[in-house]
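What follows draws every value from the coordinates through simple rules; no lab data is involved. A quick note: this is a predicted structure, and the numbers were derived from the prediction, not measured. A quick note on method: Cβ atoms are made from the backbone with ideal geometry, for glycine too, and the neighbour counts reach across all protein chains shown.
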Amino acid sequence: MDSTGRSAQREAAIGVFDSGVGGLTVLRELIALLPSESTVYLGDTARVPYGTRSREVVTRYALLCARHLAARGIKLLVVACNTVSADSLPAIAEALPIPVLGVIEAGAQAAAARTRGGGIAVLGTPATVASGAYQAVLARIAPLAKVAARACPLFVPLAEEGWIDGEVPRLVAQRYLGDLRRAGVDTVLLGCTHYPLLAATIAEVVGPEMAIVDGAQATARAVAHLLEVRDLRRSGGVAEHRTLCTDVPDRFQKIAERFLGRPVGAVDLVDLTP
Ligand code: DGL
């Protein structure tokens, strides 16, 4: 590529997608670490949740999202959804002519760095847990660590509803995680976009001696590294952030702030029907 093409590519936005609003927890860390980078975020609110669906269906939906963002000229795609990262990353990477990064590797690395040898509990959607993706990466990078995996599907609607503390989420967390203290693990990896919102409640249930790891920051660092290695980093200027969703943009806008940590601005509706 000539230098004009390369500098145009550096100016392009980073694409980020998730099944819904949850991936904004990843976008938040990306914007904090890379303030000069423009982003375009797509939440597939017409089809959320992905975490209770089959691999085939998740991959079909994910490819629609990925192709839509690629057609907008992004320079890099971040798959913020753990379920898609677990089930469909190779299919997306094969379909797109740009670098594609998921959240599993960085999250697993962050948890492996935190455990003090007592083992790791991976919390995720039923699809993420069933895929064995986190378990496989942890077996490679921390072969001696004991790994337990738990599906906590009710955490997703609780986080969306804003029920992140108090009696109801505490009871749900107790039901899912009440016995983790006896499971011989010392680290809990939040392997789902929504779970960071419930981190305080989860910590209360699993006890203060357990480290809680959120892969979002590690994913942002992996994105920064990839931009550097591919010579795609934007050097400065004002970043632009666009937000798209596939259904009910008003609801998306209302709950987005909780995930992003600030107002999301305008949310455009897009139709991914092939
Ligand atoms: N974004 C999904 C994940 O991180 C959670 C929500 C869903 O099930 O679609 O796995």
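The table below lists the values:
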item: 222 nm mean residue ellipticity, helices alone, for the chain (DSSP H n ≥ 4; -39,500 (n - 2.57); rounded to 500); result: -14000 deg cm²/dmol
item: Spin-label model distance (nm) - A200 vs R140, 7 Å beyond Cα toward Cβ; result: 3.7
item: For T83, T39, order by how many other beta-carbon atoms lie within 10 Å, fewest first; result: T39, T83
item: In degrees, nearest ten, helix 249-260 long axis to first principal axis of the chain (Cα); result: 60
item: Extended-chain gain in nm, criterion 0.36 nm per residue less alpha-carbon gap, D179 and R230; result: 13.9 nm
item: Residues T59, T273, sorted so that the one with the fewest Cβ neighbours within 10 Å comes first; result: T273, T59
item: Relative contact order for the range 130-274, counting Cα pairs under 8 Å that sit 6 or more residues apart, in percent; result: 18
item: Overall form of the chain per C-alpha gyration tensor (a/c, 1.5; a/b vs b/c); result: prolate
item: Of E11, E56, E257, the one that fluctuates the most in a GNM where the chain has Cα springs shorter than 10 Å; result: E56
item: Tilt relative to the chain, helix 167-177 - C-alpha long axis, 0 to 90 degrees, to 10; result: 80
item: Spin-label zone in the range 180-224 - amide nitrogen under 14 Å from a point set 7 Å from the Cα of R170 along the C-beta vector; result: 200-207
item: Nearest-20 debye value, the chain charge dipole, Cβ charges on Lys, Arg, Asp, Glu; result: 460
item: Of T128, T52, T193, the one that fluctuates the most in a GNM where the chain has Cα springs shorter than 10 Å; result: T52
item: Which of D44, D165 has the fewest Cβ neighbours within 10 Å, and the rest in rising order; result: D165, D44
